[in-house]
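The structure appears right after this line, and notes come after that.
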Amino acid sequence: MQCVGVTRFTRYHTADTSFSSWTQVFFYKRAQIFVADVYLCFQGQGLGAFSDIAQLTCFADYRLPQLMFHLGILSYDEQLKDCVLRKEVGAIDRGKNKGLV
């Protein structure tokens, strides 16, 4: 499914890249998020039945920090915490780690 998304939908053509000692590695975050969302939406059944879902890498853009905050692994200072809990996205200073404890 991820390969289909990357080849057929131009929005998924952008990728983060990294280099190992022998090759360039592509991380298709948007395609992976799309596949994960389809899987979750269909609860792993029907159109969301992917036998290789465990092959997806972890994408930490927002889901992993949400989970870590919920589990008490990640904490914020009170001002940032209030913004997060009120879902005031515009109030959060993006690109800066202010407020992370």
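Read the figures in this text as sums done on the coordinates, not as results from a lab. It should be emphasised that the depicted structure is a prediction, and the values quoted were computed from it without experimental measurement. All Cβ positions, even for glycine, are placed from backbone atoms using ideal geometry, and neighbour counts span all protein chains on display.
Cβ-Cβ distance of Phe19 and Met68, R₀ of 30 Å, FRET efficiency by 1/(1 + (r/R0)^6): the value works out to about 0.60. Protection proxy ranking for 26-37, 44-55, using the average of other Cβ atoms within 10 Å per residue and placing the highest first: 26-37, 44-55.
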